[in-house]
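No value in this document is a laboratory result; all are computed from the given coordinates. Predicted, not measured: the structure shown is a model, and the values here were computed from it. Quick reminder, even Gly has a Cβ in these numbers, built from the backbone with ideal geometry, and neighbours come from all protein chains shown.
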Amino acid sequence: MKLKSSLQRAAIAFFIAAPLTLTACSNDPAPAPQVVITPEIFSVTVNPQATPTPVPPTPEPTPTVNALAAKVNDQPITLDQFNAEMARYLSAATPVDANGAADQRTAQLKDTVLDALVEQALIEQEAARNGIVISDQQINDELAVARDRAGGDAQYQAWLAANQLTEQDARELTRRELLTNAMRDRVLTQLPRTADYVHAYHIVVATEVEAQRLMQQLQNGAKFTALAQTQSLDDSTRANGGDLGWITRGTGSLLWSEVEDATFALQPGETSAIVPSPVGFHIIKVTERETRALTDVDTAYLQEQTLTKWIADLKASAKIERFV
């Protein structure tokens, strides 16, 4: 069963749950002869006839504060947290062959998991600075939706077990995701909703000599789209006469800044000079230009770039110590 809920997205995205603990039981040791301590003379005698007194097991040592995977602005990320997240992710990953692939995968995941833990700590710290708090009622409402989507409580409990999550883990995961979403929304409120778009066409050829020859043909009245269909090296636009569609700045529509700059310097009806790029020599024509609403694709791209930069800035200004 695939649980389509915010809880599942959080688990897959490494949002960190509380560590799971396992306890093991061992048999008590065989009774030993009674040891009698005489404080007056600081001596020890052994009485083999005395009734044996069970010796309590040696308690497990308490983990020290130094058992850390990382520290983020002095906030600890424990080895227990790190190991639990590694184990949880590996248990859900696709099985691999036994020829060292598992060890290799573990090594590759190590940095990924630790980065996710560090980023989560930074997000929580930033949320605290902005006074963002998630209430118990918000968590309860989100978990109620998760149970409904799972098909009921029994299916939901089965999903938790399959993902090595306890109820408390689920609450913590949900709290962190809601907190992350709140911070995401806060960051993205700065994004514009409209942008300057142009409808552009281009021809790209391998050499400047070819580009000059095509430029001469255009000046002599050749049709731009016809030359693009027969001469352009760009397979993705050649069949449509070099049509790049409606594009705006900073969305990855044009891979090279020099081409983007030349395109947005044009007004409708204008053709550029020859523009060199890493893949060849371009001639660009703009047919239309207007301010319009960002497309869904461009919005998603800008959101991703904005959030990536925000996290990078948080990391750059933070004190991060890694111990694993």
Open item on the list: Calculate the FRET efficiency for GLN138 and ARG249 from the Cβ-Cβ distance with a Förster distance of 35 Å, rounded to the nearest 0.05.
Closed with: 0.40
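Going through the stretch 208-310, which trypsin sites (Lys or Arg not before Pro) have at most 13 other Cβ atoms within 10 Å and a DSSP loop state? Each step should come with its number before you reach the end.
On the way: sites: ARG213, LYS223, ARG238, ARG249, LYS285, ARG289, ARG292, LYS309; in loops: LYS223, ARG249.
Answer in residue order: LYS223.
Based on the Cα atoms of the stretch 229-280, what semi-axes does the equivalent ellipsoid have, where each is the square root of 5 times one gyration tensor eigenvalue, given in whole Å with the largest first?
Calculated on Cα positions only, the semi-axes equal 17, 13, 13 Å.
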TODO: Would you work out which of GLY252, GLN217, LEU266 lies farthest towards the positive end of the dipole of the stretch 194-291? Charges go on Cβ: Lys and Arg +1, Asp and Glu -1.
DONE: GLN217
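List the relative contact order of the stretch 194-291 as a percent without decimals, with contacts defined as Cα pairs under 8 Å and 6+ residues apart. Show your work: numbers first, answer last.
Working: 180 pairs, mean separation 41.5, N = 98.
Rounded, it is 42 percent for the stretch 194-291.
Evaluated at 10 °C with a viscosity of 1.306 mPa s, what Stokes-Einstein diffusion coefficient in µm²/s does the stretch 135-210 have when Rh comes from the Kirkwood expression over alpha-carbon pairs?
Working: Rh = 16.7 Å.
It comes out at roughly 95 µm²/s.
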Task: Fraction in percent of alpha-carbon pairs per bin - 10 Å, the stretch 194-291 - done: 17, 55, 26, 2
- [ ] Could you size up the charge dipole of the stretch 194-291 around its Cα centre, putting +1 on the beta carbon of Lys and Arg and -1 on that of Asp and Glu, and report it in debye to the nearest 20?
- [x] 240
